[in-house]
Every structure is written in structure tokens, then in C-alpha cells.
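The values are calculated or read from the model by the stated rules, or taken from the named source; none is laboratory data. Bear in mind that the values here come from a model prediction, so they are computed numbers and not experimental data. Methodologically, a virtual Cβ is constructed for each residue, glycine included, from the backbone with ideal geometry; neighbour enumeration extends over all protein chains shown. Only protein heavy atoms, including side chains, enter the accessible area calculation; ligands, DNA and RNA are left aside. Shrake-Rupley method; radii C 1.70, N 1.55, O 1.52, S 1.80 Å.
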Amino acid sequence: LTSLRTMETQDRVTVGEVVPLPTASLVWTITKFKAREQAPGVLWRSPTFEASDGRSSWSLHLYPRGKKAPERQNYMSLSLICERCVDPEVRVFCRITLLVNGVERHVRSFSRQDSAFTAGTGIGWPYY
């Protein structure tokens, strides 16, 4: 991914410098997932992972049996959480892939360009 950076000098604006965007990734392996039956509302938190520029860190929050609401208990809930960010706001594109025995099963993507993350905020899917 790249971004165009606007350069400003006194009365002149130059557009066109290509700036690589930071990336982050995590492979979170949960063994014997079905054997780990939990009550609704139990949170599993992934290891924290950091963006390549070191300016933000992230984690995934997983509720294997959904959050406490009864209508969610038959669904897994998953959220991306901004744990730390140096900048006041962070905009992201995220792709989460669920693999079952190495086979891609569920892919979810989102782009959060219209609103931004701050430390402690997140976005997710209550019915993953």
C-alpha cells in the first residue's frame, strides 16, 4: 500500500511523493479450538503485534461463543483493537482470514478511512 503525501512550503503545495504505508500482521494459532468450549462472554486476547513503523500496536479480541447477549452465543465475535498509537488518529485497512485445518474459511475485510482509531478503540464483527 502507498499513500500520497502533500508537501507544503510557504505558499506552494506539491503533491505526488509516494510514501509507503506501514503494515502489520499476526498469525494466531489456536489448537483444539472446539475442545475449548467456553461460556458466552469469555474473552481470548491475541498476542500484541506492532505496525512496521513502530507507531501503533494492535491485538485481536475473540469471544469464541460470542459476547454475553443470548442472540450472539452461537457466533464467534472478533474485534481488532488499537492498543497503542503515537499519532492522535490511525486509519487502517484490515483483512482477517480464518483458517480451519489450513483451509481458508472466512475472510473479512474493512477499511477505516472515514473515521480513525485511537488507543483503546476497535472495530469488529459480533457475528463472525
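Do we find that THR97 is exposed (fewer than 15 other Cβ atoms within 10 Å of the Cβ) and of a type in the set (Val, Ile, Thr) in this structure? Even if it seems obvious, please write down each step before you answer.
Numbers: exposed (fewer than 15 other Cβ atoms within 10 Å of the Cβ): yes; of a type in the set (Val, Ile, Thr): yes.
Yes; evaluated as a whole, the condition is true for this residue.
Residues in segment 76-112 that are more than 24 Å from GLY66 (Cβ to Cβ), part of a strand (DSSP E or B) and of a type in the set (Gly, Ala, Ser): SER111 only.
When only residues in segment 63-89 that are over 16 Å from PHE33 (Cα atoms) and small (Gly, Ala, Ser) count, which is surrounded by the most Cβ atoms within 10 Å (Cβ to Cβ)?
Kept after step one, since they are over 16 Å from PHE33 (Cα atoms), are these residues of segment 63-89: 67-72, 79-89.
Checking which are small (Gly, Ala, Ser) leaves us with 69, 79.
Working: ALA69: 12, SER79: 19.
That would be SER79.
Annotation: VAL27 fulfils all but one of (1) open to solvent by 50 Å² or more (accessible area, probe 1.4 Å); (2) modelled with pLDDT of 80 or more; (3) in contact with a Phe, Trp or Tyr (Cβ under 8 Å, 6 or more places away or on another chain); the unmet one is (3). A Cβ distance below 9 Å, combined with a sequence gap of six or more or placement on separate chains, defines the contacts here; from segment 47-66, residues that are within 11 Å of PRO22 (Cα to Cα) and in a strand (DSSP E or B) reach residues that are open to solvent by 40 Å² or more (accessible area, probe 1.4 Å) and basic (Lys, Arg) in the pairs GLU50/ARG84; SER56/ARG84. Residue check: SER115 meets all listed conditions (1) part of a strand (DSSP E or B); (2) of a type in the set (Ser, Thr, Tyr); (3) under 21 Å from VAL27 (Cα atoms); (4) modelled with pLDDT under 75 but one, namely (3). Please indicate, with yes or no, whether at least one residue in segment 82-98 is out of contact with any Asp or Glu (no Cβ under 6 Å at 6 or more places or on another chain), touching a residue at least 60 places away in the same chain (Cβ under 8 Å) and among the hydrophobic types (A, V, I, L, M, F, W, C). Looking for residues that are out of contact with any Asp or Glu (no Cβ under 6 Å at 6 or more places or on another chain), touching a residue at least 60 places away in the same chain (Cβ under 8 Å) and among the hydrophobic types (A, V, I, L, M, F, W, C), one finds at least one in segment 82-98, hence yes.
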